[in-house]
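Beneath this line is the structure, given in structure tokens, with notes to follow.
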Amino acid sequence: MPTPKLRPDIDQLPAYKAGQRPAERDDITTYKVSSNENPFDPLPGVVEAIARAAADTHRYPDPFSRRLVDALSEHFDVDPDRIALGTGSVAICGQIIFAACAPGDEVMYPWRSFESYPIWTQMASAKSVKVPLLPDERHDLEGMLAAITDRTRVIFICTPNNPTGEAVTRTEIIDFLDRAPSDVIVVIDEAYVEFSSSADKADGIDISRSYDNVIALRTFSKAYGLASLRVGFAVANPVVAEALRKTALPFGVSSIAEEAAIESLHREVELFERVEHLVQERDRVWNAFAELGYPIHPSHANFVWLRLGDQALEFTAACEEEGITIRPFAGEGVRISIAETPANDRVIEIAKKFKLSLQ
Ligand SMILES: Cc1ncc(COP(=O)(O)O)c(C=O)c1O
């Protein structure tokens, strides 16, 4: 029997490489530090809100998630028509590309960066334009400006950047926007913005008030700790936000996710206490690596990045042996999420024992 026909480039679609889970062990507690998750339980009141919403599971959710849109509108002081939701900000990356690109149009992003950008771009039959990061892991904004063509439709700025943790400053973004064509969408992907301690920190929501081509992209998965519920949001000009609603999965955001997100927005004090704790832990882990001579650049996220080159897989294996699962990028480096204190302690101990052979 002939195999059903699929699109010809299906084999070339890169698969999303999710962070692995460690196997359970009898001798030690194992830790997953491969997906930049929040080690804290959901914020107070959230599990109860989920339980209440769960009672209505036999009903479809509100397709417009109006309660959450209103809560976001109030919390961030933006009009509801500037807000679009998605099943995680990863889905909104796709919504943006599908809303803006015809086949052959160009999507530009720094590389290495969030690995969903190339996947969505190819799914939309658009063309990826990857601009390598600078040697200090920062975005090459001059190189990005130079790479804009009349086919460029979407540019991603990922700050703090996944997986390298470096941030693009507000000054740099404003300069970029003032020099880029104003009819090209610039996405400021701020999945980790709450963890940023940059002195000149960019706030995409604020920037989007003055630039009609800017989309600020945020998620409830990281600082808010709702990764499993799949909810993210974009703030943009109303015409763009409406386009993102059109390319969204219908009924994508569940009532459970909606209620959990609303409750989480009300817990800002607890949220920032936890963020502060994780930032302190990140800086502790960062300092340990730096003192040991590892190649490391500042991180403004809830993870650190080590450009270990050929030793990336060896270091990953050393962590695995000690019950710690990190995220390797073969031949490039490793990303280690900041987790529970005992997990962070163990990462530091592994780093001390590992034979670093870089010059
Ligand atoms: C830079 C960046 N953007 C967006 C996302 C998507 O997060 P979510 O779909 O959970 O909202 C991630 C997740 O790892 C990320 O690292």
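Values quoted throughout were computed directly from the atomic coordinates according to the rules given, and no laboratory measurement underlies them. Every value quoted in this text rests on a predicted model; they were computed, and no experiment measured them. When we count neighbours, we look across all protein chains shown, and the Cβ atoms used for this are built from the backbone with ideal geometry, even at glycine.
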Quick one: work out Rg over Rh on the C-alpha atoms of the range 1-42, Rh as Kirkwood radius.
-> 1.27
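Report relative contact order for the range 46-265 in percent, whole number only (criteria: Cα-Cα under 8 Å, sequence separation at least 6).
30
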Neighbour cut-off at most 11 other Cβ (10 Å), DSSP loop, trypsin sites (Lys or Arg not before Pro), the range 314-359 | 355
Taking H placed 1.01 Å from N in the peptide plane, check which residues at least 5 places from residue 201 or on another chain put their amide H under 5 Å from its amide H.
-> 170
A correct Karplus calculation of ³J(HN,Hα) over the range 134-143, with 6.51 cos²θ - 1.76 cosθ + 1.60, θ = phi - 60°, whole Hz and x for Gly and Pro, returns 6, x, 8, 6, 8, 4, 8, 5, 5, x
Given a Förster distance of 41 Å, the FRET efficiency implied by the Cβ-Cβ spacing of residue 148 and residue 26, rounded to the nearest 0.05, works out to 0.15
Calculate, in whole percent, how much of the Cα-Cα pair population of the range 46-265 lies beyond 33 Å.
-> 13
Give the whole-number value, in cubic angstrom per residue, of the convex hull volume spanned by the C-alpha atoms of the range 34-129.
-> 167
What is the local net charge at residue 33, summed over the other residues whose Cβ is closer than 10 Å to its Cβ (Lys, Arg +1; Asp, Glu -1)?
-> +2
A student applying the Cα gyration tensor rule (rounded when a/c is under 1.5; otherwise prolate if a/b is larger than b/c, oblate if not) would label the range 223-310 prolate
In nanometres, what is the gap between the two model label sites at residue 9 and residue 201, each 7 Å from Cα along Cα-to-Cβ?
-> 3.8
Tell me the label-point distance for the pair residue 62, residue 348, using the 7 Å Cα-to-Cβ offset, in nm and rounded to one decimal.
-> 4.6
Computed, not fitted: 222 nm per-residue ellipticity of the chain from DSSP H runs ≥ 4 (each -39500 (n - 2.57)), nearest 500, equal to -11000 deg cm²/dmol
List the residues whose amide H sits under 5 Å from the amide H of residue 219, counting only those 5 or more places along or on another chain, with H placed 1.01 Å from N in the peptide plane.
-> 233
List every residue whose amide H lies under 5 Å from the amide H of residue 129, counting only residues 5 or more places away in sequence or on a different chain, with H placed 1.01 Å from N in the peptide plane.
-> 107, 108, 109
Once every Cα of the range 75-160 carries one equal point scatterer and solvent is ignored, give the base-10 log of I(q)/I(0) from the Debye formula at q = 0.14, 0.25 Å⁻¹, two decimals.
-> -0.52, -1.21
